[in-house]
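Encoded as structure tokens, here's the structure I'll be asking about.
The values are calculated or read from the model by the stated rules, or taken from the named source; none is laboratory data. The structure displayed is predicted, hence computed values, not measured ones. Here the Cβ positions follow ideal geometry from the backbone for every residue, glycine too, while neighbour counts run over all protein chains shown. Just so you know, the surface numbers come from the protein's heavy atoms only, side chains and all, with ligands and any DNA or RNA stripped out. Shrake-Rupley method; radii C 1.70, N 1.55, O 1.52, S 1.80 Å.
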Amino acid sequence: MTQPPTTRMPPLSQQWHDTEQGVSLIRFPLPARPITMQAQPECIELDLNRTQLVVVDMQNDFCHPQGWFGIQGVDISPMRSPLTTLIPLVDGWRALGYPVLWLNWGIRPDCANLSPTQLHKGRRLPDGIGYGDALPGQDSRAVVAGDWGARNVDELPPREGDLLIHKHRLSGFWDSELDSVLRQRGITTLLFAGINTDRCVFSTLQDAAFLGYDCVLLEDACGTPSPQYVSDAIYFLVRQLHGFVGRATHLLDACAP
């Protein structure tokens, strides 16, 4: 399927318009593009024109064997496991005519805005590699914006028109432009995918719910190295308090012609 053109600018429905008299501040919202998909605890209807796919932290430092985690001996297979679902999900979302929003760790090289807690937890061991430290054998520093480690894995390359938001907290809404970007695009519903289910994905989803967004966690497009009972707890909390738990396969089925 030919990929429709996308734009980094807010959609025309969110912009002012020149008139013969001056400038019109009236917005002309896009007509609803509804789909109905299976989810828990209930089936949901959503408007694709007001929905954004958010993919969290599918970066070299977490998912590549020579990245920050892999080079320290962390088993990266749980972080790579969502790829088989994410690749068709991302392709299918773009085929519908919408950009993907990549929410990636991307810190300052000097770590000046990271708290002592973050710095300590990031290093874990006295001789460990912490935030902003050089990676042995790589011309890269741990999750520094612009460096190799902070970029998307090769299997999920950003495309023209996609949106990239850098974060430096578990939640992508803290001290970032994420909320502004979403609101300028008229987005009300967020589909969450990526890693880790119980960390950055859930932290961002919680804050999104607190801010009034409709939240859907796509469980088959997420991964984490934590035990299964941890993910089960996250699914329970999302269903109970914050929104809905669905599957990427059900989303794509609902969008099929």
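Restricted to region 245-257, and to residues that are open to solvent by less than 60 Å² (accessible area, probe 1.4 Å) and under 17 Å from the mean Cα position of the chain (by Cα), which residue is nearest to S203 (Cα to Cα)?
Step by step, filter region 245-257, then rank; the result is V245.
What number of residues within region 85-117 are polar (S, T, N, Q) and touching a strand residue (DSSP E or B) at 6+ places or on another chain (Cβ under 9 Å)?
Going through region 85-117 one residue at a time, the tally reaches 3.
Restricting attention to region 50-106, report how many residues are on the phi < 0 side of the Ramachandran plot, without any contact (Cβ under 8 Å) to a residue 40 or more places away in the chain and not hydroxyl-bearing (S, T, Y).
5
Let me ask you something else. Scan region 62-88 residue by residue and report those that are under 20 Å from L178 (Cβ atoms) and open to solvent by less than 10 Å² (accessible area, probe 1.4 Å).
L86
Only residues in region 120-139 that are touching a residue at least 60 places away in the same chain (Cβ under 8 Å) and farther than 22 Å from R169 by Cβ count as the first member; pair them with residues that are outside any loop (DSSP other than H, G, I, E, B) and open to solvent by 40 Å² or more (accessible area, probe 1.4 Å), Cβ under 9 angstrom, at least 6 apart or cross-chain, and list the lot.
P136/I71; G137/I71; Q138/I71; Q138/W148
Taking A221 as meeting all but one of (1) open to solvent by 30 Å² or more (accessible area, probe 1.4 Å); (2) within 25 Å of G97 (Cα to Cα), write down the number of the exception.
Only one criterion in (1) open to solvent by 30 Å² or more (accessible area, probe 1.4 Å); (2) within 25 Å of G97 (Cα to Cα) is unmet by A221, namely (1).
Still on this structure, please answer the following. Restricting the search to region 10-56, which residues are under 16 Å from T189 (Cβ atoms), open to solvent by less than 100 Å² (accessible area, probe 1.4 Å), part of a loop (DSSP other than H, G, I, E, B) and touching a strand residue (DSSP E or B) at 6+ places or on another chain (Cβ under 8 Å)?
Within region 10-56, A32, R33, C43 meet the criteria.
Turning to a different aspect of this structure: Tell me whether region 90-109 contains one or more residues that are aromatic (F, W, Y) and part of a helix (DSSP H, G or I). Lay out the reasoning, then the answer.
Applying the first criterion (aromatic (F, W, Y)) to region 90-109 yields 93, 98, 102, 105.
Then drop every residue that is not part of a helix (DSSP H, G or I), which leaves 93.
The answer is yes; a qualifying residue exists.
Still on this structure, please answer the following. In region 159-200, what count of residues is obtained for those that are open to solvent by 10 Å² or more (accessible area, probe 1.4 Å), farther than 20 Å from L46 by Cβ, charged (D, E, K, R) and assigned to a loop (DSSP other than H, G, I, E, B)?
So the count comes out to 5.
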